[in-house]
Number of protein chains: 2
Amino acid sequence: MSISFRHASRADVRAVLALLTDDHLGATREGDDLEPYHAAFDAMAHEAGNTLIVGETGGQIIATYQLTFISGLSLRAARRAQIESVRIASHLRGQGIGTAMIADAEARARAAGCMLIQLTMNRSRSDAKRFYERLGFTPSHIGFKRDLS
Amino acid sequence: MSISFRHASRADVRAVLALLTDDHLGATREGDDLEPYHAAFDAMAHEAGNTLIVGETGGQIIATYQLTFISGLSLRAARRAQIESVRIASHLRGQGIGTAMIADAEARARAAGCMLIQLTMNRSRSDAKRFYERLGFTPSHIGFKRDLS
């Protein structure tokens, strides 16, 4: 399968939302109304280094991830690339798309001068843990979240 | 102790670096040359929503953290606030400065419309884990890192 990755356009928001929902955690926590998702897409466009990527094959969007470049002082002023909201269409999992997607993220991170790539994964995604370890990621950190709503 | 938190200026970079180094992990992984740290400070200034905060008491910078607002589509288009590089001067730990710092981050996150506040912590910081749990953070995620250097 040949997949190409590119920056999402505003017209892709509906397809990205469908992928976010096509997931055992995402199924219950997303909404139907596109308006807040379009607003978030517009907000991202105003945050330099915060990008939404889609993976396409045969004109269909079948994967997505968010990639954010974050400059900072720590680790000898290392710029970081952060991956978030990784999704692959459920009927296409286990075919190497995830590996291609992380390779795409890594290439973009290197091009942006990042020295580190990072992500957090919900503990319930046990298959994904093995996947990231296979790709050379170290589970060195604990990821904390706190709801502000 | 009365602490005030404010955005760091470029002139604060040296003091922030001293705090980054005043740490059992940071002691070995930071450099002496200020130039890359100043460059990172300037890069942050071009990334909307990426801010460096310092805590001051009696004209001395005694704490710092980085706060980044990240818009995104997932979780009903929730904007996130991400805390990074939290440091308190070693001789002032255990006096409630951390709690004040997280409260400051939370206030800034809410003012920026964030629905979620998140951070990762190196597993070796076992005291910090209890600290964040006490403040209502849930250790729901595994944080992965991969060096690109």
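For region A:37-69, what are the residues that are within 8 Å of chain B (Cβ to nearest Cβ) and either touching a residue at least 24 places away in the same chain (Cβ under 8 Å) or in a strand (DSSP E or B) (or both)?
A:37, A:41, A:49, A:50, A:52, A:66, A:68, A:69
Can you tell me which residues in region B:95-149 are at the interface with chain A (Cβ under 7 Å from one of its Cβ atoms), of a type outside the set (D, E, K, R), surrounded by fewer than 18 Cβ atoms within 10 Å (Cβ to Cβ) and free of Cβ contacts under 8 Å to residues at least 12 places away in the same chain?
Once the filter is applied, which keeps residues that are at the interface with chain A (Cβ under 7 Å from one of its Cβ atoms), of a type outside the set (D, E, K, R), surrounded by fewer than 18 Cβ atoms within 10 Å (Cβ to Cβ) and free of Cβ contacts under 8 Å to residues at least 12 places away in the same chain, region B:95-149 yields B:136, B:138, B:139, B:140, B:148, B:149.
Quick check on residue A:72: is it facing another protein chain (nearest Cβ under 10 Å), part of a loop (DSSP other than H, G, I, E, B), over 14 Å from the mean Cα position of the chain (by Cα) and surrounded by 15 or more Cβ atoms within 10 Å (Cβ to Cβ)?
yes
For residue A:89, only one of the following conditions fails: (1) at the interface with chain B (Cβ under 7 Å from one of its Cβ atoms); (2) in contact (Cβ under 8 Å) with a residue 40 or more places away in the chain; (3) surrounded by 17 or more Cβ atoms within 10 Å (Cβ to Cβ); (4) not acidic (Asp, Glu). What is its number?
Single failed check for residue A:89: (1).
Select from region A:84-134 the residues that are β-branched (Val, Ile, Thr) and touching a helix residue (DSSP H, G or I) at 6+ places or on another chain (Cβ under 6 Å) and list them in ascending order.
Of everything in region A:84-134, those that are β-branched (Val, Ile, Thr) and touching a helix residue (DSSP H, G or I) at 6+ places or on another chain (Cβ under 6 Å) turn out to be A:88, A:117.
Could you identify the single residue in B:32, B:22 that is in contact with a strand residue (DSSP E or B) (Cβ under 9 Å, 6 or more places away or on another chain) and modelled with pLDDT under 95?
B:22 is the lone residue from the list that is in contact with a strand residue (DSSP E or B) (Cβ under 9 Å, 6 or more places away or on another chain) and modelled with pLDDT under 95.
The values are calculated or read from the model by the stated rules, or taken from the named source; none is laboratory data. Given the structure is predicted, the values throughout are model-derived calculations rather than measurements. Positions of Cβ are generated from backbone atoms using ideal geometry, with glycine treated the same way; all protein chains shown enter the neighbour counts.
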